[in-house]
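The values are calculated or read from the model by the stated rules, or taken from the named source; none is laboratory data. Model, not experiment: these values are computed from the prediction. Don't worry about glycine lacking a Cβ; one is built from the backbone with ideal geometry, like all the others, and counts go over all protein chains shown. Accessible surface areas use protein heavy atoms only, side chains included; no ligands, DNA or RNA. Shrake-Rupley method; radii C 1.70, N 1.55, O 1.52, S 1.80 Å.
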Amino acid sequence: MCGIVGIFDVQGQREINRKLLSDMNEVQFHRGPDEGGLHTEPGLGLAHRRLSIIDLSSGQQPMLSDDESVVLTYNGEIYNFPALRKELEQMGYRFKTHCDTEVVLNGWQAWGEDCVDKFRGMFAFAVWDRQKQSLFLARDRLGIKPLFYAELKNGQFIFASELKALKVHPDFPKALEPTAIEEYFGFGYVPDPKTIYKNVYKLEPGYKLTLKRGQKNYQPVRYWDVRFKERQYGSEMEVAEDLMERFEEAVKIRMMADVSLGAFLSGGVDSSGVVAMMAKNSQNPVNTCSISFGDPKFNESQFAQMVAERYHTAHRIEQVDPDDFHLVSALAGIYDEPYADSSALPTYRVCELAKKQVTVVLSGDGGDENLAGYRRYRWHTYEDRMRAILPDALRKPLFGFLGRVYPKADWAPKIFRAKSTFESIARDSLEGYFHSISVNSNAIRSDLFSQGLKSDLQNYQAVEVFRRHYASAPSDNAQSLVQYLDIKTYLPGDILTKVDRASMAHALEVRVPLLDHELVEWIATLPPDLKLKNREGKYIFKKGLEPYLPNDILYRPKMGFAVPLGSWFKGPLKQQVRDSLLGETMADSGLFDQAFLKKMVDQHQSGLRDYSAPIWSLLMFESFLQQNQ
């Protein structure tokens with residue numbers, strides 16, 4: 001895995017500041033500590049940091065074509081590169097290395113922009129074609145690898161794997177984007193294509209972008225989308241067997257590496273399935289690692305151990321301090337923009353542990369979005385059935401009233417916390433789903449934001465992110481629709497962002513077989529009730545894994561990485577929360593209602609309300625503001 005950087009003069013051929021390019025590149029040293037390279041010519045600078053995985057002795061970047069008319073800087077892995085290499089050799093292209101980088105380079109020369117349709121893997125890359133005087137950028141279909149860009153007022157276009165590299169440029173625009181602030185406090189992250197900064201963007205998953213010198217207007221173009229077009233297959237057993245064959249193949253092609261390789265093993269269904277397939281295709285014990293927690297409510301280590309023993313893996317486990325809050329202040333520097341998923345803390349630790357053993361790991365990320373594993377999908381389908389039964393004229397006032405009068409019972413068992421459900425049913429389907437996943441509700445954001453920020457927003461609301469994707473959604477099935485929305489937002493904006501930054505902070509490459517685009521496309525055609533059936537998420541996946549994993553793994557309640565925020569904010573982080581949220585940085589920003597901030601902190605720390613998630617999102621935002629000064 002690697003880091004890429006570029007500076008392109010859109011207006012002419014002014015000299016590129018080589019030291020600046022180098023400084024931008026070196027700030028991403030952690031992404032590629034093995035090698036670094038620069039290429040400059042009039043009006044263009046490309047740079048690269050390399051984490052060597054395949055063909056360790058060659059494949060240096062930026063890489064030039066034989067005739068030196070094309071230059072590539074590339075981050076990722078193309079898993080079908082051996083087959084593409086053969087195809088290109090038959091077309092007359094010659095190869096000097098054994099790495100996938102040269103396949104991307106020659107693939108551009110052979111197929112132009114359509115080369116992305118050939119690549120099976122994770123990638124973000126830029127190609128400079130001197131003959132066409134064009135710069136081409138592309139990002140993989142699911143957004144596993146990141147790519148940020150901005151056009152500066154001086155006429156330069158800059159791009160990089162991480163925002164921190166762009167921020168090195170002296171002309172980087174540091175003004176915040178109000179709608180991105182609204183989206184962050186709604187979703188807990190800034191969804192693609194925005195960043196927290198005005199006029200700075202992420203290239204969206206499955207998009208490509210072409211710039212030509214002298215061209216003023218350019219727009220990213222979508223080259224791929226997942227289509228939930230249901231097809232009829234055979235029996236459940238036949239579908240489960242077919243799924244396992246495809247899953248095994250997706251795992252197998254990701255086991256190619258010239259360095260040590262292993263897997264995250266949490267003890268959940270997805271990571272356990274990955275390990276089972278790796279063990280089936282490996283002559284040596286699979287390297288696995290997991291972290292444990294002292295609190296049994298969050299500790300899955302016994303289940304990870306069960307899988308490790310079954311497949312005789314070389315398993316490594318470390319217990320995380322239940323008060324491991326020392327990373328809190330470091331997260332802003334890792335993520336570069338506000339990011340409020342608290343599981344970033346244990347994810348950082350498990351990547352730290354994995355790096356002690358291996359350089360490449362396979363993970364089980366993507367299974368929940370692909371195969372309807374989240375409980376919220378079940379609740380959303382229930383709520384949508386209620387919406388279909390009751391006419392709007394009755395449903396909205398009735399459930400709106402129930403939502404207003406029902407007490408906010410944060411302390412009660414979940415079965416008695418009906419307020420949020422009532423509020424969701426009172427809304428339309430999209431607004432209801434947004435309400436169910438939002439970190440801060442519409443009401444909280446309304447109380448939280450200052451009048452100045454509200455004026456800047458001009459009534460814009462974060463749910464518009466969903467509406468934009470809904471306009472091109474390939475299904476009207478309630479379950480498939482919210483899966484599609486999550487694949488477009490939560491998956492790249494939260495899950496894959498978390499894993500990329502946490503792993504790259506340790507120069508660790510993470511591969512994601514459940515996000516193999518061919519597998520994703522096939523799963524999307526399965527009937528929804530094979531994914532979520534009788535309250536069982538990932539139903540057909542679990543059926544297929546029954547020969548490989550015990551029922552104690554497959555059919556136990558879902559856990560995930562959880563962090564005891566509520567107790568932290570009342571205990572060891574009590575003063576830090578008060579100092580951060582009620583201090584000068586937040587007040588000087590002019591973005592928040594100071595009285596409501598104080599009310600929120602006081603009520604949480606007194607035990608009157610549980611504001612754990614909102615306070616965490618604010619704490620991360622304040623840390624970002626400190627970094628951005």
If we sort 593-605, 258-270 on the protection proxy, mean other Cβ atoms within 10 Å, highest first, what's the order? 258-270, 593-605
Phe29 to Phe172: extension gain in nm, 0.36 nm per residue of separation minus the Cα-Cα distance? 49.5 nm
Tell me, how many Å apart are the Cα centres for the stretch 81-160 and for the stretch 8-59? 15 Å
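With all distinct Cα pairs included, what does the Kirkwood hydrodynamic radius of the stretch 42-127 come out to in Å, to one decimal, could you say?
Details: mean 1/r = 0.0765 Å⁻¹.
One decimal place: 13.1 Å for the Kirkwood radius.
Given an 8 Å cut-off on Cα distances and at least 6 residues of separation, report the relative contact order of the stretch 506-619 as a percent.
Numbers: 53 pairs, mean separation 19.8, N = 114.
The normalised contact order for the stretch 506-619 reaches 17 percent.
Which order do peptides 233-241, 64-72 fall in by mean Cβ count within 10 Å, highest first?
Values: 233-241: 13.3, 64-72: 16.1.
Those peptides, ordered most packed to least, come out 64-72, 233-241.
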Name all residues of the stretch 139-183 having a backbone nitrogen under 14 Å from the label point set 7 Å from the Cα of Phe95 along its Cα→Cβ direction, giving them as ranges. none
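Which whole-number percent of Cα pairs in the stretch 69-222 have a distance greater than 25 Å? Walk me through the numbers before you get to the answer.
Details: 3950 of 11781 pairs.
The answer is 34 percent, as a whole percent.
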For the stretch 1-87, rounded, prolate or oblate, judged on the Cα gyration tensor with a ≥ b ≥ c (square roots of eigenvalues), a/c < 1.5 rounded, else prolate if a/b > b/c? oblate
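Roughly how large, in nm² to one decimal, is the mean projection of the convex hull of the alpha-carbon atoms in the stretch 555-629?
Details: hull surface 25.3 nm².
For the stretch 555-629, averaging the hull's shadow over all directions gives 6.3 nm².
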Run the reach check for Lys574 against lysines, Cα to Cα strictly under 27 Å, same-chain hits fewer than 8 apart removed. What comes back? Lys297, Lys408, Lys414, Lys498, Lys598, Lys599
Helix-only mean residue ellipticity at 222 nm, the chain, DSSP H runs n ≥ 4 weighted -39,500 (n - 2.57), per residue, nearest 500. What is it? -12000 deg cm²/dmol
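Only sites in a loop by DSSP and with at most 15 other Cβ atoms within 10 Å count here; which trypsin sites (Lys or Arg not before Pro) in the stretch 1-98 make the cut? Walk me through the intermediate numbers first.
On the way: sites: Arg14, Arg18, Lys19, Arg31, Arg49, Arg50, Arg85, Lys86, Arg94, Lys96; in loops: Arg14, Arg94, Lys96.
Sparse-neighbourhood loop trypsin sites (Lys or Arg not before Pro): Arg14, Arg94, Lys96.
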With both bridge residues required to lie in the chain, what share of the DSSP beta bridges run antiparallel, to the nearest 5%? 75 percent
Based on the mean of other beta carbon atoms within 10 Å per residue, what is the order of 526-534, 583-591, most packed first? 526-534, 583-591
Helical segments meeting 15 Å axial Cα length and Kyte-Doolittle -1.0 threshold in the chain (DSSP H): 100-111, 236-252, 269-280, 344-355, 392-405, 478-488, 594-606, 612-628
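Could you check how many percent of all C-alpha pairs in the chain are farther apart than 32 Å? Mind showing how you got there, number by number?
Details: 97816 of 197506 pairs.
Value for the chain (Cα pairs over 32 Å): 50 percent.
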Each residue of the stretch 59-76 in turn: what ³J(HN,Hα) in whole Hz from Karplus with 6.51, -1.76, 1.60 and θ = phi - 60°, glycine and Pro shown as x? x, 5, 10, x, 9, 9, 5, 4, 8, 6, 8, 10, 10, 10, 10, 9, 10, x
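Residues of the stretch 552-597: accessible area per residue at 1.4 Å, in Å²? Write down the numbers at each step before the final one.
Working: 2190 Å² over 46 residues.
Counting only protein heavy atoms, the per-residue value for the stretch 552-597 is 48 Å².
Determine the relative contact order of the stretch 450-560: mean sequence separation of Cα pairs under 8 Å and six or more apart, normalised by residue count, in whole percent.
Values: 30 pairs, mean separation 12.1, N = 111.
It rounds to 11 percent for the stretch 450-560.
Assuming a ≥ b ≥ c are the square roots of the Cα gyration tensor eigenvalues, decide whether the stretch 419-541 counts as rounded (a/c under 1.5), prolate (otherwise, with a/b larger than b/c) or oblate. Mind showing how you got there, number by number?
Details: a/c = 2.15, a/b = 1.30, b/c = 1.65.
It comes out oblate by the Cα gyration axes.
Assuming a ≥ b ≥ c are the square roots of the Cα gyration tensor eigenvalues, decide whether the stretch 29-75 counts as rounded (a/c under 1.5), prolate (otherwise, with a/b larger than b/c) or oblate. Walk me through the intermediate numbers first.
On the way: a/c = 2.96, a/b = 1.47, b/c = 2.01.
Here the stretch 29-75 falls in the oblate category.
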Explain nothing, just compute: Karplus ³J(HN,Hα) = 6.51 cos²θ - 1.76 cosθ + 1.60, θ = phi - 60°, for every residue of the stretch 458-468 in order, whole Hz, x for Gly and Pro. 6, 6, 5, 10, 4, 4, 4, 4, 5, 5, 4
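List the pairs from Lys174/Lys538; Lys118/Lys488; Lys96/Lys145 whose alpha-carbon separation is above 31 Å, in the order I gave them.
Those over the limit are Lys174/Lys538.
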Under a straight-distance cross-link criterion of Cα-Cα below 17 Å, which aspartates and glutamates are reachable from Lys153, leaving out those fewer than 8 residues away in the same chain? Asp9, Glu15, Asp171, Glu177
Here the relative contact order (percent) of the stretch 133-183, from C-alpha pairs under 8 Å and at least 6 apart, is 23 percent
